[in-house]
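One structure is given below, encoded as structure tokens.
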Amino acid sequence: METNAFYKRKILAVFHLYLPVFLMIIVASMGSLLMVWGFSRAQYEVKGLSIELQVEPSRNGSTEISLPPLGEIIAYTHPLPVTIRATLAHINLESLKLMADMSIDQEEFTQEVEEQFAIIIKDFIRRLFILAAVGGALGALLVYPKNLMSIVKGLIVGLLLISLLIGSFYLTFEPAAFRQPVFSGTLRAAPMVVHSLERGLSNVELFRREMRNTASNLYDFYSKIEAWEPVVLEEGTVRALHVSDIHNNIVAFDLIQKIIKDFKVSFVVDTGDVTDFGSPIETEMAAKIEKLGVPYLYVPGNHDSPASVEKLQEMSNVKVLDEEMGTIKGINIVGFADPAAHSLEVSSLSDKEMRVISFDIAKKLKSFEETSFIVALHDERMSKQIIGKAPVILFGHTHKASLKQVGNSVLINAGTTGAAGLRTFEIEKGVPYTFHLLYIRKEPLSLIAVDSVEVMGLEREFTLKRTLIEESKEKE
């Protein structure tokens, strides 16, 4: 009995002696991990790209490459329950353009990028060591608040812990896991994206060059056909350009700029979806809007988001119409955003939901003190209850251009001025670039003609159909 009591006292003594040490190690370790999880994020610049690196806890050890708005590439590269995340945070388009214009040796460029990444990884590892040491010191200080040596002990615990984690990561990391990655978002179509990258850059420049040529040809054609109906060009006629569904296609802005300049367009109405996923990075691709030199009225679509709309509002010539009225040259334009533009989800409402929205729009349209001449929407289904209550109703969404008269209203679908988006660069035949030129008489205020234009990419072909609204006849 005495022997058992002796051993119990011995065990309790050891327990009381080392308990604070164990407690300090546990708390210091937790402090290190919390500091690393909470403050590891760091941003680095690489050849015109801003890349964020961070580590965070996870159920499965993975390396994730996030490419907003395309999605993520995920590879399960290590057994540790830690995720290493690299996010493309910003694209410096000017820097990329300078590099594109320069003659760069591919081998030299690859070597420079590899050297930059090596420097970045070393800097990031140093950051993790510092964070782990600070976290460990703070954790130890909680256990021994009046003992300065606890700071040193905590530092050592933090450094040992992060060394163990980084060492384990290094020894178990399997680059081969990227041969069978998991894709999310648009990147689920990764093979197509890779193929696009292989030939896309040259195609983009080719498209831009050919689009300018096509726009010039279109202007020459216009100069001949305007003799058909002089009433269109009577003094005081206002030209408005209706575009929609550009979907990140930068070539569309070259076409728009040329049309504005050659045809003396007074303002542009864009009925939404300038982006694909509504991310701010995508909106930067639309920066050329600010250089168009005319008012740009924008109605958000279902592929837009609060973040992308906010970016557009920062442009000096852009006015976002969401239950608002804009007036240009005495013409009142009211716009109503697609409900999906108020969220981060890229979705489209059901017919039943859109029917409710259309009743709501009809009610709100009556609340404006001044009469609207143009009502701009994104989805035609939003217009059901205002047909006959507005002379001109503009929309897009379906990527199919159309023009029709229903009662006292002219309904115009711009189709897709971006030819359905960047995917058009993968093919030489596909979805056309479409837009409408509206001719508006000031006195009395009325839509007198609409030119519907389709431009077919690299084929340098275009189709123009002029509809004379007052006479209800068409000329091809």
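Counting only residues that are without any contact (Cβ under 8 Å) to a residue 12 or more places away in the chain and of a type in the set (A, V, I, L, M), the stretch 129-148 holds 2 of them. With a requirement of 2 or more residues that are open to solvent by 10 Å² or more (accessible area, probe 1.4 Å), the strands (runs of 3 or more DSSP E) lying completely within the stretch 283-380 that satisfy it span 318-320, 324-328. Of all residues in the stretch 44-67, those that are farther than 11 Å from Ile120 by Cβ have Cβ atoms under 7 Å from Cβ atoms of residues that are open to solvent by less than 30 Å² (accessible area, probe 1.4 Å) and part of a loop (DSSP other than H, G, I, E, B), 6 or more apart or on another chain, in Gln54/Ser40; Val55/Ser40; Gly61/Thr77; Gly61/His78; Ser62/Thr77; Thr63/Thr77. When Gly396, Gly421 are checked against the criterion of being small (Gly, Ala, Ser), in contact with a His (Cβ under 7 Å, 6 or more places away or on another chain) and surrounded by 24 or more Cβ atoms within 10 Å (Cβ to Cβ), a single residue qualifies: Gly396. Selection over the stretch 235-253 of residues that are open to solvent by 10 Å² or more (accessible area, probe 1.4 Å) and either not in a loop (DSSP other than H, G, I, E, B) or not polar (S, T, N, Q) (or both) gives a count of 4.
In a loop (DSSP other than H, G, I, E, B), in contact (Cβ under 8 Å) with a residue 60 or more places away in the chain and open to solvent by 10 Å² or more (accessible area, probe 1.4 Å): is that true of Asp276 in this structure? Spell out how you get there, then give the answer.
Values: in a loop (DSSP other than H, G, I, E, B): yes; in contact (Cβ under 8 Å) with a residue 60 or more places away in the chain: yes; open to solvent by 10 Å² or more (accessible area, probe 1.4 Å): yes.
Yes.
The values are calculated or read from the model by the stated rules, or taken from the named source; none is laboratory data. What you see is a predicted model; the values in this text were computed from it and never measured. Heads up, the Cβs are rebuilt from the backbone with ideal geometry, glycines too, and the neighbour counts pull from every protein chain shown. Heads up: the accessible areas ignore ligands, DNA and RNA and are worked out on the full protein's heavy atoms, side chains in. Shrake-Rupley method; radii C 1.70, N 1.55, O 1.52, S 1.80 Å.
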